[in-house]
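Notes to accompany the following structure.
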Amino acid sequence: MPLGVAAVSLVYYLLRAYPDHWWIYASVAFITFAVIMTNLAPILLLPLFFKFKPVEDEDLRHRVSRLARPDG
């Protein structure tokens, strides 16, 4: 909710300050925010909700590593 209010406030500010080109500045701001959140979410947000630990099953780890290789 607070992020939505901030986003709408930013758009209204840009509409008042730059009536002809507000959409360019808004799109740059939202794209920048999306790129930053895409990079920070696995580090900051996901550990708040999920516990990550190494895979203990050696056979499973080997099979997943084999699937992740580029040659298949």
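The values are calculated or read from the model by the stated rules, or taken from the named source; none is laboratory data. Here the structure is a predicted model, which means the values were calculated and not measured. Cβ atoms come from the backbone with ideal geometry, glycine included; neighbour counts cover every protein chain shown. To get the accessible areas, we keep the full protein, side chains included, count just its heavy atoms, and leave off ligands, DNA and RNA. Shrake-Rupley method; radii C 1.70, N 1.55, O 1.52, S 1.80 Å.
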Rounded to the nearest 0.05, what FRET efficiency is calculated for M37 and D59 with R0 set to 30 Å and r the Cβ-Cβ distance? 0.25
Starting from the residue with the highest accessible area, list I36, I31 in decreasing order, probe 1.4 Å. I31, I36
How long are the semi-axes of the ellipsoid equivalent to the stretch 33-72, from square roots of 5 times the Cα gyration tensor eigenvalues, in whole Å, largest first? 27, 17, 5
By the DSSP-based rule, helices of the chain that are at least 18 Å long along the axis (C-alpha) and have a mean Kyte score of at least 0.5 are 2-17, 22-40
Note the full-extension length gain between L67 and D20 as 0.36 nm times their separation in residues minus their Cα-Cα distance, in nm to one decimal. 11.9 nm
Give me the 1.4 Å probe accessible area per residue for the chain, excluding ligands and nucleic acids, in Å². 92
Return the loop-located chymotrypsin sites (Phe, Trp or Tyr not before Pro) in the stretch 25-72 (DSSP other than H, G, I, E, B) with at most 15 other Cβ atoms within 10 Å of their own Cβ; answer none if there are none. F50, F52
Specify which labelled value, from (1) 43, 16, 6; (2) 17, 15, 11; (3) 27, 12, 9, agrees with semi-axes √(5λ) of the Cα gyration tensor in Å derived from the coordinates of the model shown. (1)
Where in the stretch 28-56 is the amide nitrogen less than 14 Å from a point lying 7 Å along the Cα-to-Cβ axis of L3? 30-49
Can you give me the % of accessible surface on the chain that is carbon or sulfur? Probe 1.4 Å, all protein chains present, nothing else counted. 70
